[in-house]
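Student: The structure that follows is given in the form of structure tokens.
The values are calculated or read from the model by the stated rules, or taken from the named source; none is laboratory data. None of these values were measured; they are calculated from a predicted model. Note that we place each Cβ from the backbone using ideal geometry, even for glycine, and neighbour counts take in every protein chain shown. Accessible surface areas use protein heavy atoms only, side chains included; no ligands, DNA or RNA. Shrake-Rupley method; radii C 1.70, N 1.55, O 1.52, S 1.80 Å.
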Amino acid sequence: MRKLLIAAALAVLPVSSQAQGVALVDRIVAVVNKEVITLSELNEAIALAERQLRRGGTVAPPRDVLERQMLERLILGKAQLQLARDTGIRVDELQLDRAVQRIVDENSMTLAEFRRALERDGVPFDAWREDLRDQILLSRLREREVDERVQVSDTEIELFLEESRLRPVERSEYNLAHILVRVPEQATPERVEAARSRAETAIAEARAGGDFGRLAASYSDAADALQGGVIGWRSHARLPELFASALARLKPGEVSPVLRSAAGFHVLKLVELRGAVEASAPVAQTRLRHILIRASETVSEGEARGRLADLRQRIAGGADFADMARVHSNDATAARGGELDWVYPGDTVPDFERAYLGLKTGEISQPVRTPFGYHLIQVLERRSGDVSGERRRLQARQVLRERKSDEAYQEWLRQLRDRTYVEIRLEDK
């Protein structure tokens with residue numbers, strides 16, 4: 001989000017050599033607590049949304065609908081950023097530089113190539129960089145305000161495992177999209193009914209053959225509205241019970257009735273359905289080891305990669321991987337020669353998992369970038385085996401944490417919006 005230049009809101013320009021009239025080049029369209037959103041900022045957000053929709057092959061909704069959607073998104077984003085700054089969350093330049101480099105690496109580009117690609121798409125690099133800072137702030141705010149407070153009891157885990165055993169449907173997986181019409185906590189009956197009517201209209205248009213992605217962009221207040229409301233594949237167990245129960249009654253292509261939660265009204269579309277792997281089926285496991293070099297104030301990204309490339313050459317020349325890990329690795333596995341023991345799918349971050357799944361037994365990867373730093377990875381052994389009881393409990397705890405966290409985050413957002421002072425001046429333009 002670009003920094004606001006309040007002075008620009010009253011800038012004037014001569015309209016001709018004959019008259020000293022003024023032309024309005026910017027103005028305030030909303031006040032959020034003590035900060036403002038300008039018309040130029042709103043127009044930039046709308047232009048970005050239109051580009052995203054075009055790239056996704058979705059026809060943009062009417063301009064006034066998209067304008068309202070983007071203004072509400074800017075309001076909620078600004079309220080969160082204000083709270084993050086006011087409560088001491090910061091992203092310094094070094095942390096931001098590392099995040100930028102990680103994204104550049106994931107796109108297999110140099111920084112210069114990435115900058116040119118952004119600018120070809122009409123996105124100034126400096127504005128994108130500040131946007132990334134904001135996204136990191138919002139992620140840390142959610143972790144602190146919501147995720148770290150979610151608790152899962154042993155009783156919840158036992159009930160979850162018992163239900164999964166008794167109800168085979170809970171091993172189904174759904175590819176879904178959704179629309180959320182948010183309802184304020186202290187909403188009047190008229191406001192609640194208006195929100196319900198909006199959700200019903202979305203359902204009617206979807207069942208009449210309307211494109212669900214376009215409807216999500218038009219009606220949804222969720223963060224994924226501009227991605228067509230797509231949630232993607234989720235197991236039955238990872239979904240809120242409200243969603244899971246509704247989806248179990250749908251066929252692919254069908255749309256749910258209006259669903260009511262504390263956050264508001266939901267509309268779900270089941271895109272695809274598949275059966276998950278049976279609970280008793282063997283699971284692929286991999287035993288591996290790694291060497292981790294962390295980038296820091298004294299070790300640059302390039303230096304970390306270079307050190308690992310050198311170590312890889314030395315190992316190829318006969319040096320022992322475990323000895324190199326004991327001397328050079330920057331994590332607790334160093335004492336064990338870098339061994340992580342047996343890992344299951346989902347145990348490691350996606351970049352790390354993609355790298356080791358692409359290796360043959362005994363093969364050593366090129367330097368791999370993850371949020372933790374740079375790694376050399378070697379696969380030692382692979383096997384398939386049953387999941388232990390303790391392992392199932394760990395998986396159940398993770399699933400329940402994700403479910404409860406998503407529900408708590410939506411409720412937290414609604415409460416934050418309700419207690420934020422907002423004055424909208426959009427109708428003045």
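Student: Running a GNM on the chain with Cα contacts under 10 Å, which residue among LEU48, LEU118, LEU138 ends up with the highest mean-square fluctuation?
Tutor: Per the Cα network of the chain with a 10 Å cutoff, LEU118 tops the list.
Student: Tell me the Rg and the Dmax, in Å, that the Cα atoms of the chain produce.
Tutor: Just the Cα atoms of the chain yield Rg and Dmax of 25.3, 85 Å.
Student: Continuing with this model, one more query. Under 10 Å, Cα contacts only: if you run a Gaussian network model on the chain, which one of ALA237, ALA408, ALA117 comes out with the highest mean-square fluctuation?
Tutor: Most flexible of the set in this elastic network: ALA117.
Student: May I pose another question? Spin-label point model (7 Å from Cα, Cβ direction): what's the SER300 to VAL192 distance in nm?
Tutor: 6.1
Student: Which semi-axes, in whole Å and largest first, does the equivalent ellipsoid of region 307-364 have when worked out from the alpha carbon gyration tensor as the square roots of 5 times its eigenvalues?
Tutor: 20, 15, 10
Student: Mean projection of the alpha-carbon convex hull of region 334-396 over all orientations, in nm²?
Tutor: Mean orientational projected area (region 334-396, Cα hull): 5.2 nm².
Student: Please give the per residue accessible area of region 15-136, computed with a probe of 1.4 Å over protein heavy atoms only, in Å².
Tutor: I get 53 Å² per residue for this part.
Student: For region 280-336, what does the accessible surface come to per residue with a 1.4 Å probe? Please give it in Å².
Tutor: 52
Student: Report the residue, chosen from LEU311, LEU176, LEU400, that carries the largest GNM mean-square fluctuation when the chain is represented by alpha-carbon nodes joined by springs under 10 Å.
Tutor: LEU311
Student: Can you list the equivalent-ellipsoid semi-axes of region 178-331, largest first and in whole Å, using the square root of 5 times each Cα gyration tensor eigenvalue?
Tutor: 50, 21, 15
Student: Taking each pair of different alpha-carbon atoms in region 123-214 once, compute 1/r for the pair, average those values, and report the inverse of that mean as the Kirkwood hydrodynamic radius in Å to one decimal.
Tutor: It is 18.5 Å.
Student: Kirkwood-based Rg over Rh for region 94-146 (C-alpha set), two decimals?
Tutor: 1.04
Student: Over the Cα atoms of region 242-350, compute the convex hull volume and normalise it per residue, giving Å³.
Tutor: Hull volume normalised by residue count: 225 Å³.
Student: Using the Karplus curve 6.51 cos²θ - 1.76 cosθ + 1.60 with θ = phi - 60°, what ³J(HN,Hα) values do you get for each residue of region 187-194, in whole Hz, with x for Gly and Pro?
Tutor: My calculation for region 187-194 gives 5, 6, x, 5, 5, 5, 5, 5 Hz in order.
Student: Also, quick follow-up: Taking 8 Å as the Cα distance limit and 6 or more residues as the minimum spacing, I'd like the relative contact order of region 218-362 as a percentage.
Tutor: Across region 218-362, relative contact order equals 18 percent.
Student: Sticking with this structure for a sec: Convert each backbone phi in region 391-396 into a coupling constant with the Karplus relation 6.51 cos²θ - 1.76 cosθ + 1.60 (shift: θ = phi - 60°), then list the ³J(HN,Hα) values in order as whole Hz, x for Gly and Pro.
Tutor: 3J(HN,Hα) across region 391-396, in whole Hz: 5, 4, 5, 5, 5, 4.
Student: Kirkwood Rh over alpha-carbon pairs of region 294-429, then Stokes-Einstein at 20 °C and 1.002 mPa s: what D in µm² s⁻¹, rounded to an integer?
Tutor: 114
Student: Which value, in Å² and to the nearest 10, is the accessible area of SER245 when all protein chains are kept and the probe is 1.4 Å?
Tutor: SER245 exposes around 40 Å² with every protein chain in place.
Student: Per residue, how big is the convex hull around the C-alpha atoms of region 53-147? Give it to me in cubic angstrom, could you?
Tutor: Once divided by residue count, the hull of region 53-147 is 139 Å³.
Student: Check LEU288: other-chain or 5+ apart residues with amide H under 5 Å from its amide H, H built from backbone geometry?
Tutor: LEU340, ASP341, VAL343, LEU380
Student: What part of the accessible area of the chain, given as a whole %, is carbon or sulfur when the probe is 1.4 angstrom?
Tutor: 52
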